[in-house]
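The values are calculated or read from the model by the stated rules, or taken from the named source; none is laboratory data. All values derive from a computational prediction rather than experimental measurement. Cβ sites come from the backbone with ideal geometry, for glycine too, and all protein chains shown count toward neighbours.
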């Protein structure tokens with residue numbers, strides 16, 4: 001069901017659409033009336049002198065109150081994101097969130113997003129962190145090819161790696177928990193999953209901080225770990241491992257996965273054993 005509707009005009013052409021909607025579907029609709037701009041570049045203006053004009057309206061109370069949070073400096077991307085995150089909000093916070101909107105407790109979408117993040121965080125009473133090795137490579141822009149870097153090098157750019165991860169997960173649409181569909185029981189418990197890095201015993205590791213409404217069983221933990229490995233192998237999110245970090249030696253690419261027996265992904269309690277076993281694999285153990 002639509003939360004907000006839009007009449008978008010490009011000169012003589014008009015499009016009537018609704019939000020939230022798949023990003024690519026909206027872009028195709030915009031192209032049908034001659035607009036080939038990203039949603040982030042289409043402001044919410046309805047001035048007669050503008051070639052592209054946007055007029056928003058809603059048929060439901062929740063949509064009408066949400067409309068009060070948008071201003072001319074906001075964009076169609078902001079509208080779609082806000083509608084999307086409200087529609088997908090965890091049931092544990094949805095009723096309170098909707099009451100806050102109906103009572104006009106927010107002054108803008110940034111405040112809305114911050115409160116949603118805090119409410120979701122508080123809904124997850126159980127914390128679990130998972131760890132994995134980090135893999136880094138420098139790309140030679142002049143001669144091509146890549147050169148692997150050691151953990152000491154990765155540690156020297158910890159701030160930049162952390163900054164990249166925070167940026168890639170900054171939007172509510174980027175919350176990785178929404179993409180988990182491997183098990184209904186786990187999905188009901190899962191609140192959030194955030195990729196970051198952490199130093200442990202002198203080495204920098206990937207760390208994934210997760211929050212759940214209830215404890216996972218042993219079987220559920222193994223299923224969830226398998227999903228995390230798959231996400232790490234795929235570069236998770238908007239393919240973070242393909243995003244360059246500028247260094248004096250060239251572009252640094254960091255991955256939470258690498259092929260081979262020395263790779264692991266484990267809980268914090270298992271970390272010491274996993275590190276010991278992975279070193280045995282690396283140096284020709286049994």
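Scan the range 28-40 for residues that are farther than 14 Å from residue 81 by Cα and exposed (fewer than 15 other Cβ atoms within 10 Å of the Cβ) and jot them down. Selection gives 28, 31, 32, 34, 36, 37. Just checking, does the range 76-89 include any residue being surrounded by 12 or more Cβ atoms within 10 Å (Cβ to Cβ), modelled with pLDDT under 95, not in a helix (DSSP H, G or I) and not assigned by TED's automatic domain parsing to the domain that holds residue 194? Looking through the range 76-89, at least one residue is surrounded by 12 or more Cβ atoms within 10 Å (Cβ to Cβ), modelled with pLDDT under 95, not in a helix (DSSP H, G or I) and not assigned by TED's automatic domain parsing to the domain that holds residue 194.
Among the residues of the range 14-23, just one is loosely packed, with under 14 Cβ neighbours inside 10 Å and either under 11 Å from residue 80 (Cβ atoms) or touching a helix residue (DSSP H, G or I) at 6+ places or on another chain (Cβ under 8 Å) (or both), namely 22.
From the list 219, 184, the one residue that fits, being under 16 Å from residue 130 (Cα atoms) and without any contact (Cβ under 8 Å) to a residue 12 or more places away in the chain, is 219.
Among the conditions (1) touching a helix residue (DSSP H, G or I) at 6+ places or on another chain (Cβ under 9 Å); (2) at pLDDT 95 or above; (3) within 26 Å of residue 178 (Cα to Cα), residue 115 misses just one, which is (2).
Here is the figure for the range 167-187: residues that are farther than 30 Å from residue 219 by Cα and out of contact with any helix residue (DSSP H, G or I) (no Cβ under 9 Å at 6 or more places or on another chain) total 2. Reported count of residues in the range 165-191, each being more than 19 Å from residue 120 (Cβ to Cβ) and either modelled with pLDDT under 95 or outside the structural domain of residue 214 (by TED's automatic domain parsing) (or both), is 1. Could you tell me whether any residue of the range 98-117 is in contact with a strand residue (DSSP E or B) (Cβ under 8 Å, 6 or more places away or on another chain), assigned by TED's automatic domain parsing to the domain that holds residue 44, more than 18 Å from residue 174 (Cα to Cα) and not in a loop (DSSP other than H, G, I, E, B)? No, there is no match, as no residue in the range 98-117 is in contact with a strand residue (DSSP E or B) (Cβ under 8 Å, 6 or more places away or on another chain), assigned by TED's automatic domain parsing to the domain that holds residue 44, more than 18 Å from residue 174 (Cα to Cα) and not in a loop (DSSP other than H, G, I, E, B).
Taking the listed residues 188, 241, the one that is under 18 Å from residue 149 (Cα atoms) and part of a helix (DSSP H, G or I) is 241, with no other qualifying.
What about residue 54, is it surrounded by 15 or more Cβ atoms within 10 Å (Cβ to Cβ) and in contact with a strand residue (DSSP E or B) (Cβ under 8 Å, 6 or more places away or on another chain)? Yes. Against the numbered list (1) at pLDDT below 95; (2) within 16 Å of residue 131 (Cα to Cα); (3) outside any strand (DSSP E or B), residue 211 comes up short only at (3). Inclusion of residue 227 among residues that are at pLDDT 95 or above, surrounded by 13 or more Cβ atoms within 10 Å (Cβ to Cβ), within 16 Å of the chain's Cα centre (by Cα) and over 28 Å from residue 140 (Cα atoms) is warranted.
Just one of the listed residues (26, 8) is modelled with pLDDT of 95 or more, more than 22 Å from residue 121 (Cα to Cα) and touching a helix residue (DSSP H, G or I) at 6+ places or on another chain (Cβ under 8 Å), and it is 8.
Conditions tested, residue by residue: (1) touching a residue at least 24 places away in the same chain (Cβ under 8 Å); (2) in contact with a strand residue (DSSP E or B) (Cβ under 8 Å, 6 or more places away or on another chain); (3) in a strand (DSSP E or B).
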site: 132; (1), (2), (3): yes, yes, yes
site: 138; (1), (2), (3): yes, yes, yes
site: 141; (1), (2), (3): yes, yes, no
site: 170; (1), (2), (3): no, no, no
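Please pick out the residue among 242, 231 that is in contact (Cβ under 8 Å) with a residue 12 or more places away in the chain and assigned by TED's automatic domain parsing to the domain that holds residue 151. Every option except 231 fails the conditions.
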